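See below for the structure under consideration.
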Amino acid sequence: MTVHTTIESPLGEVLLVGTASGTAPGGTALASLSLPGQKGAAVVQDGWRRDPAAFEEIGGQLASYFAGVTTGFDVECVESGTEFQRKVWRALEEIPYGTTATYGEIARRVGVARAGVRAVGTAIGRNPLLVVRPCHRVIGSDGALRGYAGGLERKERLLGLEGALRHG
């Protein structure tokens with residue numbers, strides 16, 4: 001059964017969607033973390049059950065991250081996406097807190113030729129787990145903030161929280 005809840009965050013009200021899991025910390029595997037106005041955001045469906053208690057562990061980890069106390073997440077995620085998307089998303093998870101990588105660097109990490117950078121960007125844009133899977137750490141080759149489904153202002157805010165903004 002799919003469960004959901006909303007929590008408040010410095011980025012606005014976050015919609016969390018997940019499923020029960022016997023192996024996940026807190027008992028819920030995270031399927032989606034969406035922000036208000038996000039491109040491609042999850043929408044609560046008929047049959048989903050609102051269950052704030054199911055997300056206490058995940059919510060606590062998010063609160064700790066936003067408070068600057070922790071730098072990562074111990075969250076089980078629901079497997080989704082195509083094989084290529086999952087490969088790109090794994091590369092995102094390898095970008096350390098407080099650092100950034102370019103779209104071209106991610107393309108190289110997943111073995112895509114320079115011409116495939118656009119496909120990498122598309123896969124990054126379909127990441128259903130904003131913040132937890134750190135697509136906000138991917139920037140343009142010139143250091144500019146580009147393409148964040150949650151909006152560039154939120155991308156800048158997350159990178160600022162992590163101390164990863166480069167100022168010229």
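Of ARG133, ARG49, which has the most accessible area with a 1.4 Å probe, and how do the rest follow in descending order?
Reading off the accessible areas and sorting them downward yields ARG49, ARG133.
Apply the Karplus curve 6.51 cos²θ - 1.76 cosθ + 1.60, θ = phi - 60°, to the phi angles in region 128-145 and return the couplings in whole Hz, x for Gly and Pro.
x, 10, 4, 6, 5, 9, x, 5, 5, 7, 9, 10, x, 5, 8, x, 6, 6
Mind listing the phi-derived Karplus ³J(HN,Hα) values for region 47-57, rounded to whole Hz, using 6.51, -1.76 and 1.60 with θ = phi - 60°, and x for any glycine or proline?
Values, residue by residue: x, 6, 10, 6, 8, x, 4, 5, 10, 4, 5 Hz.
Between LEU129 and residues 5 or more places away or on another chain, which pairs have amide H atoms under 5 Å apart, with H built 1.01 Å from N, and which residues are they?
LEU33
Per residue Cα convex hull volume for region 57-168, in cubic angstrom? Intermediate results must be reported in sequence, preceding the final value.
Values: hull volume 10.8 nm³, N = 112.
Value for region 57-168: 96 Å³ per residue.
So how far apart, in nm, are the two label points at ASP142 and THR70 if each is 7 Å from Cα heading toward Cβ?
Result for the modelled spin labels: 3.8 nm.
Under 5 Å between amide H atoms, partner at least 5 residues away or on a different chain: which partners does THR28 have, H built in plane at 1.01 Å?
For THR28, whose amide H was placed from the backbone, the distant partners under 5 Å are SER21.
Comparing THR122, THR23, THR71, which has the greatest mean-square fluctuation in the GNM of the chain with Cα pairs linked when under 10 Å apart?
The residue with the greatest mean-square fluctuation here is THR23.
Once the piece of chain linking SER80 and ALA115 is laid out straight, how much longer is it, given 0.36 nm per residue of separation minus the C-alpha distance between them? Could the numbers behind the result be given before it?
On the way: separation 35, 0.36 × 35 = 12.60 nm, distance 2.50 nm.
Working it through step by step, the gained length comes to 10.1 nm.
Rounded, prolate or oblate: which fits region 29-106 when a ≥ b ≥ c are the square roots of the eigenvalues of the alpha-carbon gyration tensor, with rounded for a/c under 1.5 and prolate only if a/b beats b/c? Don't skip to the end; give the middle numbers.
Details: a/c = 1.95, a/b = 1.24, b/c = 1.56.
It is oblate, given that a/c is not under 1.5 and a/b is not larger than b/c.
Quick one: net charge of PRO52's neighbours, Cβ under 14 Å, K/R +1, D/E -1? Could you put the intermediate results ahead of the total?
Values: positive: ARG49, ARG50; negative: GLU8, GLU13, ASP51, GLU56, GLU57.
Computed value for this residue: -3.
What whole number of Å gives the distance from the Cα centroid of region 1-59 to the Cα centroid of region 134-168?
Distance between centres, Cα-based: 24 Å.
Pick out, in residue order, every one of the GluC sites (Glu not before Pro) in region 67-126 that is DSSP loop and has at most 13 other C-beta atoms within 10 Å; say none if there are none. Could you put the intermediate results ahead of the total?
Working: sites: GLU76, GLU79, GLU83, GLU93, GLU94, GLU105; in loops: GLU76, GLU79, GLU94.
Here the sparse-neighbourhood loop sites are GLU79, GLU94.
Would you grab the residues whose amide H sits under 5 Å from the one on THR102? Only those 5+ places off in sequence or on another chain, please, with H modelled 1.01 Å from N.
ILE139
For region 24-29, take each phi angle, set θ = phi - 60°, evaluate the Karplus expression 6.51 cos²θ - 1.76 cosθ + 1.60, and give the result in whole Hz per residue in order, putting x for glycine and proline.
7, x, x, x, 10, 8
The values are calculated or read from the model by the stated rules, or taken from the named source; none is laboratory data. Everything quoted here is computed from the prediction, not taken from an experiment. Reconstructed Cβ throughout: ideal geometry from the backbone, glycine too, with neighbour counts over all protein chains shown. Keep in mind that these areas ignore ligands, DNA and RNA; they rest on the heavy atoms of the full protein, side chains included. Shrake-Rupley method; radii C 1.70, N 1.55, O 1.52, S 1.80 Å.
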